[in-house]
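The values are calculated or read from the model by the stated rules, or taken from the named source; none is laboratory data. This one's a predicted model, so the numbers in the text were calculated from it and none came from an experiment. Virtual Cβ from ideal backbone geometry, glycine too; neighbours counted across all protein chains shown.
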Amino acid sequence: MKFFIDTANLAQIQEANDLGILDGVTTNPSLMAKEGISGKDAITQHYKTICELVDGDISAEVLGTSYAEMVEEGKALAAIHPNIVVKIPMTKDGIKAIKYFTDNGIKTNCTLVFSAGQAILAAKAGASYVSPFIGRIDDSGWNGVQLIEQIAAIYAVQGFKTEILAASIRNANHIISCAEAGAHVCTCPLDSILGLLKHPLTDIGLAKFIDDAKKLG
Ligand code: G3P
C-alpha cells in the first residue's frame, strides 16, 4: 500500500518525506486555504514547491464545477509538473472531465466518493485514483472501511485498474483497516502516520534496553 500525506503544509510534507516512506501528496481547496494560499499564481507556486519536495503523485484539485472549467483548469494544473494528478469531484461534469483526461493521458483522482456506485463510474471513466472519504462516512454513522472492502471486491471482480485511495483518514487504526480492506493508497494527516509508530510496550522495552545498555560499559 502506498502512503500519501493529506495536507498542503510544507513542514508536515517535509517531515513525512524525511521518514522515507512517502509516495505522494493530496491537497484540496480546504487544505490550501488552511495554509493561507490564495490566488492562481500562489497556488501554482505552492504545487511547484510540493512537487520539488516529494517524488511521487501530487493531487491538485480543480476549483471550477463545470466540464469546461475543469478541463481548462486541469490542463493548467497538469502543465505545472509531470507528477501532478488532477483531482476532480464526483459529479456528472466531473466524470466527463475525468474521461477527457483519461483520453489525453493525464492522471486523475476522483474525489468526494461516498458509494460503490460512484466508484464504479469513476473507474469506467478511467480515473487513476478513486477517493472514498472514510472518516466522513464514519462521522455520518456509516462504516467507511466497509466501503473500501466493497469497492476493492468490485474492482477485483471487474478487473478495473483504478487505484483505491482511502481519504479522510482520522487515525492510525483507519490506516491499518484500509490496508486490510484492500486500499492501494492511504492519504493521511501526519499525526495518523506517526500514530502507527506508537506502542507502549515498545516504549517500555526501549527504556529497559537503554537502562541495561549502561551496564555494558
Ligand atoms: O483530501 C480529502 C480528504 O482526505 C478530506 O479529509 O478530514 O476533511 O474529511 P477530511
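Computed values, structure above
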{"read-out": "Flag for Ser131 being small (Gly, Ala, Ser), modelled with pLDDT of 95 or more, within 14 Å of the ligand (Cβ to nearest atom) and more than 19 Å from the chain's Cα centre (by Cα)", "value": "no"}
{"read-out": "Extreme residue, nearest to the chain's Cα centre (by Cα), among residues of region 97-126 that are crowded, with 20+ Cβ neighbours inside 10 Å, of a type in the set (Gly, Ala, Ser) and away from the ligand (no atom under 16 Å from the Cβ)", "value": "Ala123"}
{"read-out": "Members of region 19-64 that are β-branched (Val, Ile, Thr) and over 20 Å from Tyr129 (Cβ atoms)", "value": "Ile37, Ile43, Thr44, Thr49"}
{"read-out": "Any chance Ala33 is without any contact (Cβ under 8 Å) to a residue 24 or more places away in the chain, of a type outside the set (S, T, N, Q), within 15 Å of the ligand (Cβ to nearest atom) and on the phi < 0 side of the Ramachandran plot", "value": "yes"}
{"read-out": "Residue in region 79-98 that is within 23 Å of Ala42 (Cα to Cα), without any contact (Cβ under 8 Å) to a residue 24 or more places away in the chain and of a type in the set (A, V, I, L, M, F, W, C) present", "value": "yes"}
{"read-out": "All positions within region 157-174 that are over 18 Å from the mean Cα position of the chain (by Cα) and farther than 14 Å from Val130 by Cβ", "value": "Val157, Gly159"}
{"read-out": "Test for Gly64: is it in contact with an Asp or Glu (Cβ under 8 Å, 6 or more places away or on another chain), away from the ligand (no atom under 13 Å from the Cβ) and on the phi < 0 side of the Ramachandran plot", "value": "yes"}
{"read-out": "Single residue of Gly20, Gly74 found to be assigned to a loop (DSSP other than H, G, I, E, B) and away from the ligand (no atom under 16 Å from the Cβ)", "value": "Gly20"}
{"read-out": "Matching helices (runs of 4 or more DSSP H) fully within region 99-217 where at least 3 residues are of a type in the set (S, T, N, Q)", "value": "144-158"}
{"read-out": "Filtered residues of region 134-162 (kept if surrounded by fewer than 19 Cβ atoms within 10 Å (Cβ to Cβ), within 20 Å of Ile175 (Cβ to Cβ) and within 16 Å of the ligand (Cβ to nearest atom))", "value": "Gly135, Arg136, Asp138, Asp139, Trp142, Asn143"}
{"read-out": "Evaluation of Gly94 against (1) within 16 Å of the ligand (Cβ to nearest atom); (2) assigned to a helix (DSSP H, G or I); (3) among the small types (Gly, Ala, Ser); (4) closer than 30 Å to Gly195 by Cα (one fails), failing number", "value": "(4)"}
{"read-out": "Matching residues, region 1-17, being closer than 14 Å to Pro189 by Cα and part of a loop (DSSP other than H, G, I, E, B)", "value": "Thr7, Ala8, Asn9"}
{"read-out": "Counted residues, region 36-52 - those being part of a helix (DSSP H, G or I) and within 16 Å of the ligand (Cβ to nearest atom)", "value": "4"}
{"read-out": "Restricting region 23-35 to residues that are outside any helix (DSSP H, G or I) and not acidic (Asp, Glu), the residue that is nearest to the chain's Cα centre (by Cα)", "value": "Thr26"}
